[in-house]
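Structure first, then comments.
Just so it is clear, none of the values below were taken in a lab; they were calculated from the coordinates. What you see is a predicted model; the values in this text were computed from it and never measured. Neighbour counts run over all protein chains shown; Cβ positions are idealised from the backbone, glycine included.
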Amino acid sequence: MADTAVTSDDQPDRTTAGTTATSSTAAAAGSTQDRPDAVRSPGSPGDPLVVLSGVQKHFGPLHVLRDIDLTIHRGEVVVLIGPSGSGKSTLCRTINRLETIDSGSITIDGRELPAEGRELARLRADVGMVFQSFNLFAHKTVLENVTLGPIKSKGVKSSQAKEKATQLLERVGVANQAGKLPAQLSGGQQQRVAIARALAMDPKVMLFDEPTSALDPEMINEVLDVMVSLAREGMTMLVVTHEMGFARRAAHRVVFMDAGQVVEQADPETFFTAPRSERARDFLSKILTH
Ligand SMILES: Nc1ncnc2c1ncn2[C@@H]1O[C@H](COP(=O)(O)OP(=O)(O)OP(=O)(O)O)[C@@H](O)[C@H]1O
Ligand SMILES: [Mg+2]
């Protein structure tokens, strides 16, 4: 475990709701920094949509999330980067409660994540998630993969679900693959289907955990292009990726994590050209020379 350059001592007081939380959490990653205005989506002033406040998480003795304060505003695209094992996937997974937290709070659109039951299912539907491995149902067609969620968990009529799925498959550029099984598609096509499947639930926020890292190089851009267009359409997104091109094209803010902490955050240009912390500089020198 690396030493900790940012201590919780320099975190401002936290509250869990309203604008006080927004301003304090926005400054929390580095209270000594002037954080540039992160919210610049056209037409979207961006009220807080996902708010993590004082989140702590252990796996046994391992302290994986250390006092995380993070606010993602409506329409904002946040890129989360950091070394392997720093807690990026765990952080994403806590947002739709695939992982529980020890303490702190997570709210989505002003509502605390419920522990279980129907409420949790409903709130989960607000959070679309796309993983590194596409996780499509192998024995269902592409179209069925996209219609299943809305039909089963939202009670949408089959005909309506199909119509919407067809539109979404068109939007991600794979409408002509609708009748195939996932294994008959390339990795890039499968990942675009996974994005369409998540969008079919009408999520308020989309989480992407290294969506292109399992892809052959020539397929990375076709997935990133879909993500960039989603970003431009105003989707709220948290994206774990080391694709700096994507961060520069689409992100409002880069959040750098190390050893379970948010160490630094800034707009992409500032972060990539003038990182403030030694840990971020060290990390960037490694991924740049990789
Ligand atoms: N279910 C689990 N049980 C125990 N430890 C876990 C579990 N999941 C993750 N960890 C540990 O928690 C730490 C954070 O893991 P996490 O997967 O969140 O890191 P990451 O930043 O996503 O890394 P990578 O870049 O390699 O994907 C790691 O030390 C990991 O080994
Ligand atoms: Mg990970």
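Brief remarks on what is shown
- What the Cβ-Cβ distance of residue 273 and residue 133 gives, at R0 = 25 Å and to the nearest 0.05, is a FRET efficiency of 0.15.
- Residues whose amide H falls under 5 Å from that of residue 261, counting only those 5 or more places apart or on a different chain, are 66, with hydrogens built in the peptide plane.
- The simple spin-label model puts a point 7 Å past each Cα toward its Cβ; for residue 216 and residue 248 those points are separated by 2.6 nm.
- Taking amide H as placed 1.01 Å from N in the peptide plane, residue 239 has its amide H under 5 Å from the amide H of 78, 79, 80, 208, each at least 5 places away in sequence or on another chain.
- Between residue 176 and residue 100, the C-beta separation translates, for a Förster distance of 51 Å, into a calculated FRET efficiency of about 0.80.
- Working from Cα pairs under 8 Å separated by at least six residues, relative contact order for region 60-142 is 19 percent.
- Of 65, 207, the sequence from fewest to most neighbouring Cβ atoms within 10 angstrom is 65, 207.
- Length added when fully stretched, residue 118-residue 167, from 0.36 nm per residue minus Cα-Cα: 14.8 nm
- Between residue 184 and residue 153, the FRET efficiency estimated from the beta carbon spacing at R0 = 30 angstrom works out to 0.70.
- Burial ranking of peptide ranges 252-264, 91-103 (average Cβ count within 10 Å, highest at the top): 252-264, 91-103
- Remark: region 171-267 carries a charge dipole of roughly 400 debye about the Cα centre, counting +1 on each Lys and Arg Cβ and -1 on each Asp and Glu Cβ.
- Residues 287, 195, 151 arranged by fewest to most Cβ contacts within 10 Å: 287, 151, 195
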